[in-house]
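One structure is given below, encoded as structure tokens.
Nothing in this text is a laboratory measurement; each read-out follows from the coordinates by a stated rule. Since the structure is predicted, the reported quantities are computational estimates derived from the model, not experimental observations. All Cβ positions, even for glycine, are placed from backbone atoms using ideal geometry, and neighbour counts span all protein chains on display.
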Ligand SMILES: Nc1nc2c(c(=O)[nH]1)N[C@H]1C(S)=C(S)[C@@H](COP(=O)(O)OP(=O)(O)OC[C@H]3O[C@@H](n4cnc5c(=O)[nH]c(N)nc54)[C@H](O)[C@@H]3O)O[C@H]1N2
Ligand SMILES: Nc1nc2c(c(=O)[nH]1)N[C@H]1C(S)=C(S)[C@@H](COP(=O)(O)OP(=O)(O)OC[C@H]3O[C@@H](n4cnc5c(=O)[nH]c(N)nc54)[C@H](O)[C@@H]3O)O[C@H]1N2
Ligand SMILES: [Mo]
């Protein structure tokens, strides 16, 4: 080890210059607990990160049955040994003293400890009673993007074919349902076209509403390394905040919130006007170009400049960059997916690639990103609003095929309507048709919009709430039964990152006390419920992670996400592998759609498409008429103004998001000392212009209010777009002194007190990024700096007097740019 870096002060660590078209050089990052030296480690256990969608491969260091650190895996295609701050420090949360170790049940209004039999009996008897009295539609399952593939698949089988409910969705609805929907709209099917390796080859990288530096820090290291190498790429950044990406961009556009479609239509207009269109690609592989050309004919940069409030000349510059790129890589994330016209905007990025013929070649690709580590599997396995294996619920042949795999009658699989989306499930619970809600691996009392409403729904007497988690979360306080789960490092399973790379993550240590892997809980439930197939055999025929994986392989056979060529043995020791993996592609598949699209044919597509304005689903006949040969669909969309605009009472646009140090509702990162200290409490960002105009200063305690609610935090003045406020959504409600729920006397703290109940019509993803808000002073800061980190997008406009974020000795990480092992291709 020849260097060590404070990776809180410098989240991205040192550079290893990276030349274009060459493999990304390795650098192995290692963090061990204080006092532990590498030669004291007894076992290194293979795993991958579950604190973002990157899939950073790592080994967990074990001493005497305890986790004592992590090190990146140089051999892996995704991260080549590097780890981000959450990867490096987040594992400590596993050993937190407040882990749940026994099930809890509600007795006389309070949660009390009990044994598994008692807890599961309550869940099973309530399930049975509801099935008998009210039918399968009275049960709903709200799961995660953070469990393992084997767990989602089991849950999908038991919910869809066991219970027979249509109400199964994941928090992936809040996260990547727009990614999935945009891929379905353009390519007929989910499935990431691009590869992270495209970063090695692209000459232009365009990031739309994606703060990759803070949210996929390891892929940002890859970009930074390219910027230090020969023939560096030029970056386009579309983001209203001054993110680290914006600071390194050749062109940074900071549009008015909610105007992505207007901007993208102007970029498409310019590319068509200057004829940077790959006409032969368009002719061979797409339908819909003429409609797009007509739709954007009037969308000049001058027009968009008025809508988006960015200079027309900048838009032209951006279009030049995109239009002249030899290999263009685009990424899209929450600044699009959670903003206004989410699917319409994400689809325009696909259109950009289709009309420029930028797909399927090294460096030419689109990444409709995922956010959560295992969101891809929620989608593949049908634990969200899809059927397993990207089957089409409107296509009877697909439902019959799924019924064959499960050995049930097709009628046993609800497909009378699209699977219910998460916000609709909460609506049904509010209205009383859903009477039991089983929440696994998600914390809706912090992460859903309009929290006062969500709390009221969860608190209803008539709703039976089951929460399966590691901790007594804000949501678990409302539960009737709490099931203590084992997590990453304590259980074995596979998961798939945003570029289709499948990793195996192995059990390194025992879970605390009586905590059990989610798979075991679902299997136990299936057994107690005695779910049967059509011949009277057990519906769920597997019993452990590997047998669940084998069952999933059979379900995935012949589908785009084909896992049939993968085994646990293949995933051990080397790098992760990108699906599809089958007889045709035994080593995996780097990029999809090298030669036209494969899954858009009416007989095989996952979806027939939707109206991007109303969300109305097209039928098979309409789709067949539009796209008989199964080409890529170029779908145009007109810009529409956001639903809630600034007013006299609420003059600001409120947007929300993330910092590099915290993950979501902080159940893990809030328990990792280095991470938590770097961003210990909520803050509010406003622009220097707005601060000057309103007389507010760094550190002032301010209140952000919308028609839904309010929250308070200390002000950070940044280079944010004027007129916009930003609040991180990581912080939940303030507890009562007794710790039994939100303190009615305390002010609001969660961003979602203020957000709106509204969603994209096509993807049903909630709009966390667009609301109108007011900003008022509560109390002067008197030189108290805001708790906002100084390293990322929340860097102060004027650093004077603001202490720089640093981690000190406890945050030092060994970085080895010349690891002796695992660097060569043939080591894989
Ligand atoms: N450190 C960290 N990393 C994470 C996570 C985490 O919680 N913490 N979560 C993971 C998950 S699940 C996800 S989904 C991803 C999310 O990753 P990102 O999408 O990168 O993160 P966000 O901060 O939610 O939003 C990105 C940007 O959208 C911009 N934005 C807001 N409104 C608009 C708009 O109207 N137009 C445009 N163009 N931009 C806009 C914001 O300014 C913000 O910088 O991160 C993953 N990685
Ligand atoms: N305002 C605003 N709101 C947002 C967003 C935003 O940008 N702005 N982003 C949205 C997005 S993209 C996302 S992904 C969501 C995230 O929102 P949530 O999913 O609610 O956030 P997490 O904190 O990740 O919750 C995961 C829960 O699962 C538990 N857990 C972790 N591992 C395991 C396991 O192995 N088993 C079980 N059973 N439990 C486990 C954790 O302790 C935690 O309580 O928030 C959404 N909400
Ligand atoms: Mo997410």
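Before moving on, here are some points about what is shown:
- Shape of segment 570-651, Cα gyration tensor, a/c cut at 1.5: oblate
- Classified by the C-alpha gyration tensor, segment 182-279 has a rounded form. Its axis ratio a/c, with a ≥ b ≥ c, is below 1.5.
- From least to most packed, judged by other beta carbons within 10 angstrom and beginning with the fewest, 775, 354, 720 follow the order 775, 720, 354.
- Annotation: for a label point projected 7 angstrom from Cα along Cα→Cβ of residue 692, no residues of segment 299-323 have a backbone N closer than 13 Å.
- The simple spin-label model puts a point 7 Å past each Cα toward its Cβ; for residue 397 and residue 124 those points are separated by 4.1 nm.
- Beta bridges per DSSP, both residues in the chain: antiparallel share near 50 percent.
- Extension gain for residue 544 to residue 3 (0.36 nm times residue separation, less C-alpha to C-alpha distance): 190.6 nm.
- Residue list for segment 239-262, given a label point 7 angstrom along the Cα-to-Cβ vector of residue 324 and an amide N cut-off under 16 Å: 250-252
- By average C-beta atoms within 10 angstrom, highest first, the peptides 611-624, 384-397, 281-294: 384-397, 281-294, 611-624
- Put simply, when 583-592, 249-258, 809-818 are sorted by average Cβ atoms within 10 angstrom per residue, most first, you get 249-258, 809-818, 583-592.
- Taking 15 Å as the cut-off, the amide N atoms of segment 25-41 that come nearer than this to a point 7 Å along the Cα-to-beta-carbon line of residue 818 belong to 26-28.
- Rg to Rh, two decimals, where segment 652-797 supplies the alpha carbon set and Rh follows Kirkwood: 0.96
- Ranked by the mean number of other Cβ atoms within 10 Å per residue, highest first, peptides 219-229, 108-118 order as 219-229, 108-118.
- When 701, 236 are arranged by Cβ crowding within 10 Å, least crowded first, meaning fewest neighbours, the order is 701, 236.
- Extents of the chain, taken as max minus min of Cα coordinates on every principal axis and listed largest first, are 67, 66, 61 Å.
- In this simple spin-label approximation, residue 640 and residue 66 carry label points 7 Å from Cα along the Cα→Cβ vector, and these lie 5.7 nm apart.
- Classification of segment 669-726 by its C-alpha gyration tensor yields a prolate form. The axis ratio a/c (a ≥ b ≥ c) is 1.5 or more, and a/b outweighs b/c.
- By DSSP, the beta bridges lying fully in segment 652-797 are antiparallel in about 60 percent of cases.
- Base-10 log of normalised Debye intensity for segment 226-299 (one unit scatterer per alpha-carbon) at q = 0.20 Å⁻¹: -0.95
- Potential extension, residue 784-residue 735 segment - 0.36 nm per residue separation minus Cα distance: 15.3 nm
- Using just its DSSP H runs of length 4 or more, each adding -39500 (n - 2.57), the chain gives a mean residue ellipticity at 222 nm of -7500 deg cm²/dmol after division by all residues.
- Label-point gap, in nm, between residue 629 and residue 527 - each point 7 angstrom along Cα→Cβ: 5.5 nm
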